[in-house]
Amino acid sequence: MSQLENQIIEHLSGPNYKPIESGAIAKKLRVTKKDMSKFNGIIASLVAAGKVREGKKGRLQLKAGDGFVTGIVKKISSGAAFVVPNDRPADGSDRKAHDVYISERDLQDAQSGDEVLVRLTSERRGGGQRCGRIDKVLERSSSIFVGTYLEVDGQAFVRIDGTAFQADIHVGDPGAKGAQPDDKVVIEMLRFPSASRVGEAVLTEVLGKRGDPGVDTMSVVHGLGIPYEFSEDVLEDARHQAEMFDETDFGDRLDLTKETIVTIDPASARDFDDAISLRRDKRGHWQLGVHIADVAHFVPVGGALDDSAKDRGTSTYLPRHVIPMLPEVISNGLASLQEGQVRYTKSVFIEFDEKGFPQGAEVANTVIKVSKRFAYEEVMPVVNAPGNYRNKVDTKVVQLVLRMHELAMLLRRIRFADGALQMGIPEVEIDFDNDGNITGAHERHHDESHEIIEEFMLAANIAVAQILTAKDIPFLRRTHATPDELRLKGFQEFCAGLGYELDKFQSRREIQSVINSVAGEPEERAVNFALLRAMKQAEYSPEDFGHYALNEDHYCHFTSPIRRYPDMTIHRLIGDLAAGKSPKMANMGELLQLGKNCSTTERRAEKAERELKRIKLLRYLEDKVGEEMDAFITGVENFGMFCQGIKIPAEGLVHISSLADDFYNYNQTTRTLTGDRTKSEYRLGDTVKVVVVNVDVDRRQLDLRIVSPPSKPGKRRAPVATKKSKPQGKPAFGDKPRGSKGKGKPKGPEKSSKPPVKGRGKKPRKRK
């Protein structure tokens with residue numbers, strides 16, 4: 001063991017040590033720049049060996065000793081909690097047996113989401129489940145919260161949004177920051193509440209009156225800690241880059257300004273980060289050019305712009321509002337590939353043979369001028385009736401669009417034949433009026449114009465990852481781990497219960513065949529949701545896990561650097577390669593940390609979008625208590641089922657106690673609730689009619705009751721390989737290459753591993 005490693009271990013094991021990031025440890029140990037690479041390597045080795053753990057915010061701590069467990073707190077309605085160990089198996093029917101039960105009196109002031117050190121006790125619950133008590137809070141999930149201000153008996157309190165805190169938090173004397181009752185406010189917790197004491201906080205900001213325009217948005221942004229405004233240093237850096245840009249100075253870049261190049265984006269888009277060129281040579285080979293905005297040129301490593309972009313990780317797309325990763329002078333200006341404007345790009349040129357199989361790829365620093373900007377809606381009319389555009393659109397542009405469509409459809413057929421996966425879950429968009437009020441919802445239109453761009457972006461991402469891999473350059477990959485075998489086995493059993501046989505549950509082709517077979521059938525939603533729950537989430541990592549859903553060994557994100565920081569890191573490597581330089585390589589420890597940060601910020605952005613949509617939907621339903629609506633079942637648990645409206649996609653809970661007509665048994669494998677007497681069955685994906693019982697916007701709760709049971713479609717016994725259909729709907733598990741934001745998994749609780757339970761029409765316990 002080296003002297004530096006000894007110093008690190010001693011520091012981490014110190015009695016007063018509190019988990020901090022590796023950079024902070026390096027400063028405390030006075031590690032020189034010369035030794036930083038060695039320091040990061042030691043940290044990475046200690047983490048890989050399991051001697052040191054990295055918390056979710058990158059903070060380091062020694063692995064817990066015998067008799068101790070580290071993990072994440074999940075509080076339950078009784079006031080008690082479970083701690084999910086950091087080393088819990090990813091899957092398995094007994095995975096919850098590893099969780100540690102913590103009684104309310106032993107919870108101290110730990111809250112849901114906190115990372116804690118648990119001292120195990122000799123007690124055991126039913127089934128042998130371990131018990132323990134909180135020894136130490138290692139890392140708070142957050143100390144900043146948003147809630148509603150109120151005054152009681154001359155004292156000021158805040159009722160925090162959501163269900164994490166049941167009791168109101170004391171915030172001192174009334175009127176701080178000019179707060180008035182029913183205002184939405186931001187607080188910083190000074191003392192977290194426990195079973196024996198009231199929580200205390202300081203009020204830091206007043207957002208505005210509850211329900212006023214824009215207040216909900218700011219509540220979500222502040223509650224999740226999303227950087228909202230750019231500092232003056234960042235804005236000044238961006239303005240400086242704008243002043244330095246000279247569109248006549250091509251430098252050593254490959255001049256493509258005379259090429260026919262187009263963009264295809266949503267009609268409402270303001271930042272255009274990808275463009276396409278495509279030729280076909282005398283051999284019939286395709287020469288595809290994917291040109292991506294050279295954002296990295298305007299964002300120097302280590303500058304204010306770079307630090308800000310890394311902190312944000314991604315642009316955050318909220319209903320009717322975007323929080324960009326970069327200032328608009330860059331995102332909507334300098335870097336945006338606007339029609340007729342000279343723009344710097346990073347280009348990947350991919351050759352495909354006449355059958356659509358890749359023959360090689362190369363990268364270049366380029367400069368382009370977009371010939372024509374298309375909205376998605378404008379593309380297919382050109383493809384379907386090119387003659388109608390002979391005098392409206394340049395002939396070269398029309399020919400380019402036709403070539404693009406032909407090659408993209410060819411690549412798409414090859415991809416799915418090779419075993420790529422695509423689910424049939426339509427994406428729903430909420431409709432708003434000019435005042436930001438919900439007026440309805442619609443399924444997002446997704447046709448072959450979208451597929452053209454998807455295929456070319458995927459091809460570019462794959463080609464770039466293969467180039468970097470071949471040159472042994474460490475880089476931030478986009479990985480999607482293989483699902484756990486037990487989860488796939490569960491999916492197989494679920495499909496069998498519906499009459500769809502899946503002989504080889506590990507086979508992507510068979511899985512996709514099932515997805516194709518259920519298209520348009522009553523079981524379509526059920527099968528697609530069940531598959532979604534079997535999959536792991538995609539993430540950023542330098543480790544070479546491959547991408548399961550895409551069936552690719554090497555994959556990265558390269559095509560959206562305006563809105564994703566990982567893409568910018570790839571651009572810097574590609575830029576050096578294209579210029580004939582040796583790329584500056586990060587070590588594995590640095591890349592692991594960066595990957596975790598980028599994955600975390602991605603999840604944060606996705607959560608913000610889901611949270612704000614939920615608030616908007618609940619506000620829409622506030623005055624609709626007692627009204628009926630059609631819905632489908634998105635989750636089935638032993639305590640009831642989650643249902644989402646079809647016309648208005650709000651998700652709520654039907655508690656099992658409201659099913660008054662029978663005793664209902666829960667089957668985890670088939671994800672059903674079945675009546676003992678009536679044999680009525682509620683199943684994942686079924687369509688039901690529900691009535692709105694209760695809406696609580698601040699608690700984010702929607703209570704529903706079944707009005708009529710689902711119709712029984714009956715079981716099918718169709719061999720999965722006999723029905724072929726074109727893959728439709730949502731791209732592979734949140735890895736949409738660009739355009740609209742990638743979607744995470746639908747909101748819902750963890751699947752229960754408890755045995756079947758029975759429910760009766762007893763009055764549900766009142767939520768507090």
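The values are calculated or read from the model by the stated rules, or taken from the named source; none is laboratory data. In this text, all values refer to a predicted model and were calculated from it rather than measured experimentally. A quick note on method: Cβ atoms are made from the backbone with ideal geometry, for glycine too, and the neighbour counts reach across all protein chains shown.
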(message) Looking only at residues that are of a type in the set (G, A, S) and assigned to a loop (DSSP other than H, G, I, E, B) in the range 177-198, which one is nearest to R140 (Cα to Cα)?
(response) A195
(request) Could you please find all residues in the range 658-680 being farther than 22 Å from D703 by Cα and either of a type outside the set (V, I, T) or buried (at least 18 other Cβ atoms within 10 Å of the Cβ) (or both)? (result) N667, Q668, T670, D676, R677, K679
(request) May I ask you to verify whether L326 is surrounded by 23 or more Cβ atoms within 10 Å (Cβ to Cβ) and either touching an Asp or Glu at 6+ places or on another chain (Cβ under 6 Å) or touching a residue at least 12 places away in the same chain (Cβ under 8 Å) (or both)? (result) yes
(request) Take the range 113-153 and flag every residue that is surrounded by fewer than 16 Cβ atoms within 10 Å (Cβ to Cβ), in contact with a strand residue (DSSP E or B) (Cβ under 7 Å, 6 or more places away or on another chain) and assigned to a loop (DSSP other than H, G, I, E, B). (result) G113, R125, Q129, S143
(request) Go through the range 578-600 residue by residue and tally those that are assigned to a loop (DSSP other than H, G, I, E, B) and in contact (Cβ under 8 Å) with a residue 12 or more places away in the chain. (result) 6
(request) Sort out which residues of the range 125-153 are of a type in the set (G, A, S) and at pLDDT below 90, and write them in order of number. (result) G126, G127, G128, S141
(message) Can you find, within the range 50-60, the residue that is surrounded by the fewest Cβ atoms within 10 Å (Cβ to Cβ) among those that are modelled with pLDDT under 75 and not charged (D, E, K, R)?
(response) G50
(message) If the requirement is being out of contact with any strand residue (DSSP E or B) (no Cβ under 6 Å at 6 or more places or on another chain), outside any loop (DSSP other than H, G, I, E, B), crowded, with 18+ Cβ neighbours inside 10 Å and not acidic (D, E), which of these qualifies: A156, A201?
(response) A156
(request) Could you identify the single residue in R603, R572 that is in contact (Cβ under 8 Å) with a residue 12 or more places away in the chain, within 30 Å of L653 (Cβ to Cβ) and not in a strand (DSSP E or B)? (result) R603
(message) Is it the case, given these coordinates, that G424 is at positive phi and either surrounded by fewer than 16 Cβ atoms within 10 Å (Cβ to Cβ) or not in a helix (DSSP H, G or I) (or both)?
(response) no
(request) Output the residue which, of all residues in the range 497-538 that are of a type in the set (S, T, Y) and over 15 Å from A549 (Cα atoms), is farthest from the chain's Cα centre (by Cα). (result) Y500
(request) Quickly run through the range 477-500 and pick out the residues that are surrounded by fewer than 16 Cβ atoms within 10 Å (Cβ to Cβ) and among the acidic types (D, E). (result) E485, E493
(message) What's the number of the only condition in (1) of a type outside the set (S, T, N, Q); (2) touching a strand residue (DSSP E or B) at 6+ places or on another chain (Cβ under 7 Å); (3) closer than 16 Å to S112 by Cα; (4) surrounded by 17 or more Cβ atoms within 10 Å (Cβ to Cβ) that R191 fails to meet?
(response) (4)
(message) Just to check your reading of the model, which residue among E609, E590 is under 17 Å from M325 (Cα atoms), acidic (D, E) and either crowded, with 19+ Cβ neighbours inside 10 Å or under 25 Å from the mean Cα position of the chain (by Cα) (or both)?
(response) E609
(message) Within the range 410-433, take every residue that is of a type in the set (A, V, I, L, M) and touching an Asp or Glu at 6+ places or on another chain (Cβ under 7 Å) and give me the one that is modelled with the highest pLDDT.
(response) L411
(request) Please find, among V654, V636, the residue that is at pLDDT 95 or above, part of a strand (DSSP E or B) and more than 30 Å from D212 (Cβ to Cβ). (result) V654
(message) With the requirement that a residue be part of a strand (DSSP E or B) and on the phi > 0 side of the Ramachandran plot, what does the range 343-382 give you?
(response) G360
(request) Residue by residue through the range 27-44, note down the ones that are touching a residue at least 12 places away in the same chain (Cβ under 8 Å), of a type outside the set (K, R) and either surrounded by fewer than 18 Cβ atoms within 10 Å (Cβ to Cβ) or in contact with a Lys or Arg (Cβ under 7 Å, 6 or more places away or on another chain) (or both). (result) L29, D35, S37, G41
(message) Here is a check on your reading of the model: is A460 out of contact with any helix residue (DSSP H, G or I) (no Cβ under 6 Å at 6 or more places or on another chain), assigned to a loop (DSSP other than H, G, I, E, B) and at pLDDT 85 or above?
(response) no
(message) Among the residues in the range 657-668, are any within 15 Å of F529 (Cα to Cα), of a type in the set (S, T, N, Q) and in contact with a Leu (Cβ under 8 Å, 6 or more places away or on another chain)?
(response) no
(message) For the structure I just gave you, tell me whether T257 is of a type in the set (V, I, T) and more than 24 Å from the chain's Cα centre (by Cα).
(response) yes
(message) Can you pull out every residue in the range 262-292 that is within 21 Å of I330 (Cβ to Cβ) and assigned to a loop (DSSP other than H, G, I, E, B)?
(response) P266, S268, A269, R270, D271, F272, D273
(message) Any residue that is outside any loop (DSSP other than H, G, I, E, B) and over 23 Å from the mean Cα position of the chain (by Cα) - is there at least one of those in the range 539-556?
(response) no
(request) Being without any contact (Cβ under 8 Å) to a residue 12 or more places away in the chain and more than 22 Å from P566 (Cβ to Cβ) narrows it down to one of D472, D431, so name that one. (result) D431
(request) Can you work out which of the residues in the range 61-91 that are modelled with pLDDT under 75 and touching a His at 6+ places or on another chain (Cβ under 9 Å) is nearest to K536 (Cα to Cα)? (result) P89
(request) Return the only residue of P561, P522, P474, P566 being crowded, with 20+ Cβ neighbours inside 10 Å and assigned to a loop (DSSP other than H, G, I, E, B). (result) P561
(request) For the range 329-342, indicate whether the set of residues that are of a type outside the set (S, T, Y), without any contact (Cβ under 8 Å) to a residue 24 or more places away in the chain, surrounded by fewer than 20 Cβ atoms within 10 Å (Cβ to Cβ) and at negative phi is non-empty. (result) no
(message) Residues to consider are I72, I76; find the one that is under 21 Å from G132 (Cα atoms), surrounded by 11 or more Cβ atoms within 10 Å (Cβ to Cβ), assigned by TED's automatic domain parsing to the domain that holds T121 and in contact (Cβ under 8 Å) with a residue 40 or more places away in the chain.
(response) I72
(request) Give just the number: which of (1) over 30 Å from S143 (Cβ atoms); (2) in a loop (DSSP other than H, G, I, E, B) does Y228 not satisfy? (result) (1)
